Amino acid sequence: MIKLKKLGLSMAIAASLVAFSAPSFSGEEMEVGKVAVEAQIQGLERVTQTLVAPPFLPEHNQVAVGGPKIVEMTMTIVEKEMEIAPGAFVQALTFEGTNPGPMIVAHVGDYVELTLKNPATNSMLHNIDFHAATGALGGGGLTNVAPGQQVVLRFKATKAGVFVYHCAPGGVMIPYHVVSGMNGAIMILPREGLKDEKGNAVSYDKAYYVGEQDWYLPKGEDGKYKRYAAPAAAMGETLEVMKTLIPTHLTFNGKVGALTGENAMTAKVGETVLFLHSQANRDTRIHLIGGHGDLVWTGGSFDDVPTTNRETWQIGGGEAAAALYTFQQPGIYVYINHNLIEGVMLGAAAHVSVEGEWNNDLMEQVSKPGPIQ
């Protein structure tokens with residue numbers, strides 16, 4: 001357990017750390033409901049989903065095959081040091097060792113069954129709050145696991161869209177865990193797949209998942225970013241930087257430049273790409289330089305009619321969004337937070353490298369740079 005007095009936290013804050021614990025109904029009521037649900041879902045096909053590191057998605061069908069299923073997966077909590085920029089290290093709290101945590105994919109009507117493991121080598125209590133779920137703090141009230149424990153949570157996917165998940169242990173531990181990297185996203189597809197603004201079926205050739213993260217690194221008297229030996233050691237001074245509401249770094253997928261160069265997202269001319277973007281803590285606005293959002297599901301809701309031909313799309317803190325674009329020209333596209341200070345100077349930018357033949361009808365350099373005539 002963390003000794004709160006040593007971190008300089010008040011007793012009021014200490015009490016708030018356990019404010020979000022168990023749901024307010026009896027164990028007997030839970031057992032009765034559990035028996036009823038088990039009888040209801042008995043015989044449903046179980047499918048094991050192998051989670052993969054972002055920006056990739058696990059294997060999935062865009063249109064559901066057959067009836068509802070129990071989609072099961074295992075996720076391990078990893079506390080580790082991460083270098084988010086040259087010389088900038090954080091004591092990261094992560095799902096599966098990545099920031100963001102891996103994307104989960106299911107369809108409406110499926111049951112998502114997660115085994116969440118908190119290894120004994122970790123130092124903190126953790127849980128998971130699914131914005132896609134209904135009840136018990138999104139699962140946070142049922143998944144508190146101390147080091148050396150695991151828990152199994154199952155919820156029914158009733159809302160179509162792409163949603164944030166994050167750790168939410170209570171009190172100041174909620175923002176501390178979230179801005180220490182402990183968040184991810186889950187996509188719940190309509191059983192019939194995605195539809196455009198006219199109700200026609202649409203599909204994607206590729207899908208990429210980008211998690212935007214704000215970081216708050218303390219500096220020492222020498223002006224360099226501090227480096228800590230453990231999450232608890234970093235917490236006190238990190239909280240003070242967090243209070244300024246001004247991040248020192250903004251990253252896509254855990255590190256400045258993580259999705260550039262050899263690690264850029266890729267596509268070909270004519271391919272349709274689905275971009276899934278999450279931000280668990282701050283508002284952002286996304287722009288694809290040289291392209292557009294052909295279809296954008298505001299707030300990530302696939303039940304709503306998508307907007308069309310967007311130049312920039314807003315994503316609120318604590319939500320995710322989806323945008324579909326068919327590439328028409330080759331080259332390097334910059335996928336960026338269009339607060340350009342944050343995108344260029346703090347690190348919230350990525351690249352999409354597109355192969356294919358250039359179309360001069362869409363764009364042409366009529367004359368090269370030369371002397372003014």
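Every residue in the stretch 111-124 that is in a loop (DSSP other than H, G, I, E, B) and either without any contact (Cβ under 8 Å) to a residue 60 or more places away in the chain or within 18 Å of the chain's Cα centre (by Cα) (or both), please.
Let us first name the residues in the stretch 111-124 that are in a loop (DSSP other than H, G, I, E, B), namely 119-124.
Pro119, Ala120, Thr121, Asn122 - these are the residues of the stretch 111-124 that are in a loop (DSSP other than H, G, I, E, B) and either without any contact (Cβ under 8 Å) to a residue 60 or more places away in the chain or within 18 Å of the chain's Cα centre (by Cα) (or both).
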Residues within the stretch 83-97 that are surrounded by fewer than 21 Cβ atoms within 10 Å (Cβ to Cβ) and either outside the structural domain of Gln149 (by TED's automatic domain parsing) or under 19 Å from His166 (Cα atoms) (or both), tallied: 2
Options Gly139, Gly199, Gly181: the member that is part of a loop (DSSP other than H, G, I, E, B) and under 20 Å from the mean Cα position of the chain (by Cα): Gly181
Residue among Glu271, Glu237 that is within 18 Å of Met82 (Cα to Cα), surrounded by 16 or more Cβ atoms within 10 Å (Cβ to Cβ), of a type in the set (Asp, Glu) and over 15 Å from the mean Cα position of the chain (by Cα): Glu237
So Ala22, is it farther than 25 Å from Val164 by Cβ, at pLDDT below 70 and either surrounded by fewer than 14 Cβ atoms within 10 Å (Cβ to Cβ) or β-branched (Val, Ile, Thr) (or both): no
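Where residues in the stretch 276-289 are assigned to a strand (DSSP E or B) and in contact (Cβ under 8 Å) with a residue 60 or more places away in the chain, which of them is surrounded by the most Cβ atoms within 10 Å (Cβ to Cβ)? Steps first, answer last, please.
Going residue by residue through the stretch 276-289, those that are assigned to a strand (DSSP E or B) are 276-279, 284-289.
Add one more test, that the residue is in contact (Cβ under 8 Å) with a residue 60 or more places away in the chain, and what stays is 276-279, 284, 288.
Working: Leu276: 24, His277: 26, Ser278: 30, Gln279: 28, Thr284: 24, Leu288: 23.
Once the filter is applied, the top-ranked residue is Ser278.
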Index of the failed condition, Ala136 passing every other in (1) at pLDDT 95 or above; (2) surrounded by fewer than 23 Cβ atoms within 10 Å (Cβ to Cβ): (1)
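Given the options Leu245, Leu194, name the one that is over 16 Å from Thr94 (Cα atoms), touching a residue at least 60 places away in the same chain (Cβ under 8 Å) and not acidic (Asp, Glu). Spell out the reasoning first.
Working: Leu245 fails: touching a residue at least 60 places away in the same chain (Cβ under 8 Å).
Just a single option satisfies the conditions, and that option is Leu194.
Of Val273, Val256, which residue is part of a loop (DSSP other than H, G, I, E, B) and either in contact (Cβ under 8 Å) with a residue 60 or more places away in the chain or assigned by TED's automatic domain parsing to the domain that holds Val90 (or both)? It would help to see each step written out before you state the result.
Details: Val273 fails: part of a loop (DSSP other than H, G, I, E, B).
None of the other options fit; the residue is Val256.
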Residue tally, condition surrounded by 19 or more Cβ atoms within 10 Å (Cβ to Cβ), closer than 15 Å to Gly257 by Cα and among the hydrophobic types (A, V, I, L, M, F, W, C), over the stretch 301-360: 6
Residue in the stretch 196-203 that is assigned by TED's automatic domain parsing to the domain that holds Val305 and surrounded by 15 or more Cβ atoms within 10 Å (Cβ to Cβ) present: no
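The values are calculated or read from the model by the stated rules, or taken from the named source; none is laboratory data. No experiment lies behind these values; they were computed from the predicted model shown. Glycine also receives a Cβ, built like all others from the backbone with ideal geometry; neighbour counts cover every protein chain displayed.
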